[in-house]
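Let me give you the structure first, and then I'll get to my questions.
The values are calculated or read from the model by the stated rules, or taken from the named source; none is laboratory data. What you are looking at is a predicted structure, and each value in this text was computed from that prediction instead of being measured. Here Cβ is always computed from backbone atoms with ideal geometry, including for glycine, and neighbour counts include all displayed protein chains. Side chains are part of the model used for accessible areas, which takes the heavy atoms of the whole protein and leaves out ligands, DNA and RNA. Shrake-Rupley method; radii C 1.70, N 1.55, O 1.52, S 1.80 Å.
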Amino acid sequence: MELRHLASFLAVVEEGQFARAAARLFLSPPAVTGHVRQLERELGVPLLERSPLRLTEAGERLVPHARAALAAANAAADAVADLRDDAPPTGLRVGIMVHGSAELTPAILRAFRRARPETPVTVVSLDFTEHATALVERRVDVAFLRPAPDDERLVSDPMTTEPRIITVPDRGPFADAGALRMADVVDEPFLGLPDGVSRAFADYLYFSAGRNGEAPRLNPEGVRTPQDVLTGTAAGRGLSSGLYSFVRFYSWPGVRFVPLLDAPWEQSVLAARRDDTRLEVRAFRSLAVALARDLGPVLVPPPPLPRP
């Protein structure tokens, strides 16, 4: 029997849920489920009843032995701990583009700091040109982005799924609109982006999937940050777009945020390098996925908009 399988089994027993056990162990729920099933296959008996979750007789018998085995392994590690020459924690650089994944972003950062207080965390603000490059060029280790980067070197975990809004000047043809549709805005000028912005981010910002292959009309002045978007919109230089949660984090005189009812909903994600298997990165991703699933509906309340 592998110790990791015993650890997953005990975590499920003690937490009472596979999801909470996964967050505690910094694993995905499917990984914890797989460990328990493998343990059951090795022993040839079921250890847990799934609905409702409770121990079988075999599981009850195994619990004290599993705890003893893990305690012995920990004691063995402690016996030689003073002889190790470990490097200090490497730290974690967290990139945040715009407002990240709304209220989930600070919740995940707080939870990670509580879970791994020994790991230094640095938060880095990313502009629109750094949608994928900050990770690819190894300037950050994980990043809260929208949408998911289209780069095979990166992996993404969905955090939020939200409707879209359009930013409009409060003295223009859409000043009094309660809601808009794609047909209302596709021919309007949009704020342009600087060179170096990823194709995935540009397609997201300009609703490329809803334009039937037609390029948007762009103001040549490139915007890099949310502040550029707000001031450019207020000055009447063009429209822009965002996720619905943008409304809760930003405001500027002369700018209105209008729901775009028939635009496809879009995700914010936590992205990381595919080849980065360090414990700090795996732990942060696992914790983020668990919180997005369990706390997302509470921390990111659904907007009062009909799904198209």
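So which residues in region 190-241 are in a helix (DSSP H, G or I) and hydroxyl-bearing (Ser, Thr, Tyr), if there are any at all?
Tyr204, Ser208, Thr231, Thr233
Taking region 266-288 only, how many residues are of a type in the set (Val, Ile, Thr), open to solvent by less than 60 Å² (accessible area, probe 1.4 Å) and out of contact with any Pro (no Cβ under 8 Å at 6 or more places or on another chain)?
1
Being at pLDDT below 95, within 20 Å of Ser245 (Cα to Cα) and open to solvent by 10 Å² or more (accessible area, probe 1.4 Å), is that true of even one residue in region 127-141?
no
Sticking with this one: Of everything in region 142-155, what is surrounded by fewer than 22 Cβ atoms within 10 Å (Cβ to Cβ) and under 10 Å from Ser268 (Cβ atoms)? Give them in sequence order.
Pro147, Ala148
Return yes or no: is Gly210 open to solvent by 20 Å² or more (accessible area, probe 1.4 Å) and in contact with an Asp or Glu (Cβ under 9 Å, 6 or more places away or on another chain)?
Spelling it out, Gly210 is indeed open to solvent by 20 Å² or more (accessible area, probe 1.4 Å) and in contact with an Asp or Glu (Cβ under 9 Å, 6 or more places away or on another chain).
Also, I was wondering about something else. Suppose we filter Val142, Val136, Val155, Val121 for residues that are more than 30 Å from Ala234 (Cα to Cα), in the same structural domain as Arg293 (by the TED database) and in contact with an Asp or Glu (Cβ under 7 Å, 6 or more places away or on another chain); which single one remains?
Among Val142, Val136, Val155, Val121, only Val136 is more than 30 Å from Ala234 (Cα to Cα), in the same structural domain as Arg293 (by the TED database) and in contact with an Asp or Glu (Cβ under 7 Å, 6 or more places away or on another chain).
Residue-by-condition table, conditions (1) open to solvent by 50 Å² or more (accessible area, probe 1.4 Å); (2) among the small types (Gly, Ala, Ser); (3) over 23 Å from the mean Cα position of the chain (by Cα):
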| position | (1), (2), (3) |
| --- | --- |
| Gly232 | no, yes, yes |
| Gly242 | no, yes, no |
| Phe249 | yes, no, no |
| Pro264 | yes, no, no |
| Ala290 | no, yes, no |
| Arg293 | yes, no, no |
